[in-house]
1. I need every pair where a residue in the stretch 77-93 that is in the same structural domain as GLY127 (by TED's automatic domain parsing) has its Cβ under 6 Å from the Cβ of a residue that is assigned to a loop (DSSP other than H, G, I, E, B) and surrounded by fewer than 16 Cβ atoms within 10 Å (Cβ to Cβ), sequence separation at least 6 or different chains.
2. Need the failing condition index for ASP121 against (1) of a type in the set (Asp, Glu); (2) assigned by TED's automatic domain parsing to the domain that holds ASN57; (3) over 30 Å from ARG70 (Cα atoms), just the number.
3. May I ask you to list the residues in the stretch 97-121 that are modelled with pLDDT under 90 and small (Gly, Ala, Ser)?
Amino acid sequence: MADKTTNNIKLGIFLFAGLLFLVVMLYMIGKNQHLFGKTYLLKARFENVNGLVAGNNVRVSGIQAGSVKRISFLSDTVIEISMLIDKDMKTIIRRNAVVSIGTEGLVGNKVVNIVPGTGMDSLAEEGDLLQSKKTVNTEEMLQTLSRTNNDAAAIASQLRTTIERINESNGLWQLINDESIPADLRASAANIQRATAQANELTSQLNSIISNIKTGKGPVGALLTDSAITGNLKAAITAIDEAADQTRSLTQKANVMLTSIDRQLNNQDGTLHALLNDSSTAAHFRQSMNNIEKATDGFNQNMEALKHNFLFRGYFRKLEKQERKSKATVKD
């Protein structure tokens, strides 16, 4: 009888402990799912929730603050998640807060992260819709890493091929091992340095010439800056233009005269044609010239006779004295 009582007591203790453990577990689960605490509802919308399910945790700046209550489709491109948030966070979360979906660890469960927005805004109330931010999916990250790995492998293969070609190139190694190349490079560098120095000197001289020209020094500067020289040049150019005009006018007159002479030469009745081609006219012209010459000779003889005549001798001597005096004045 005593043994039966002892067994019943043990059984009762075991059942009580089991029920207590069950109650504690239910309480812990309910607390974790915010079934027994005071909460309020906030919402956010995404194009892709990346495997998020109801019951996943919600964190505010990394601190556990609630859980996902419901996930529903609003359209084929918009998904709305409803979050139960502890009442304690009602003084923390504002309407400009940003919601994103992350992962607990590298490959852990999905989690909703709420971070404060920039600037100040009013506190979020029951049922408010917070703005969302698209985050990089782990699968997308792995795909990017895979593409990067493939690109790195291709680059490594190309580098390996290039190095093998370099190793197999006898000409390149002969060029590298040629001892005369350093001396040639040094000579080339010296030539480049001398050419640079000469170029700098030439540039300095050009700058000096330009400066002298600007300040009016030297013949070029004086020519460009002296107003008197400029005026003289303009006057000379004007005189040259006038001379050219006169030359053109004279040329035109000469052409007219030559045309008239040519026309008279071709005209048998003309004076020039008769003078140059008619023999009788030529004979008369020569006779006239002889008569003029004889008349001139006779005139000279008469003048000489007058000089020796006593009536005109004093007059001619006076003329000779005046002529000698004028010549002496010119010589002085």
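The values are calculated or read from the model by the stated rules, or taken from the named source; none is laboratory data. All of these numbers come straight from a predicted model, not from anything done at the bench. Reconstructed Cβ throughout: ideal geometry from the backbone, glycine too, with neighbour counts over all protein chains shown.
1. Final answer for the pair search is THR77/GLU47; GLU80/LEU74; LYS87/LYS38.
2. (3)
3. Selection gives GLY102, GLY105, GLY108, GLY117, GLY119.
Conditions tested, residue by residue: (1) modelled with pLDDT under 65; (2) of a type in the set (D, E, K, R); (3) in contact with an Asp or Glu (Cβ under 6 Å, 6 or more places away or on another chain); (4) surrounded by 10 or more Cβ atoms within 10 Å (Cβ to Cβ).
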{"residue": "ILE213", "(1), (2), (3), (4)": "no, no, no, yes"}
{"residue": "GLY216", "(1), (2), (3), (4)": "no, no, no, yes"}
{"residue": "GLY221", "(1), (2), (3), (4)": "yes, no, no, yes"}
{"residue": "ASP226", "(1), (2), (3), (4)": "yes, yes, no, yes"}
{"residue": "THR247", "(1), (2), (3), (4)": "no, no, no, yes"}
{"residue": "ALA254", "(1), (2), (3), (4)": "no, no, no, yes"}
{"residue": "THR259", "(1), (2), (3), (4)": "no, no, no, yes"}
{"residue": "ASP269", "(1), (2), (3), (4)": "yes, yes, no, no"}
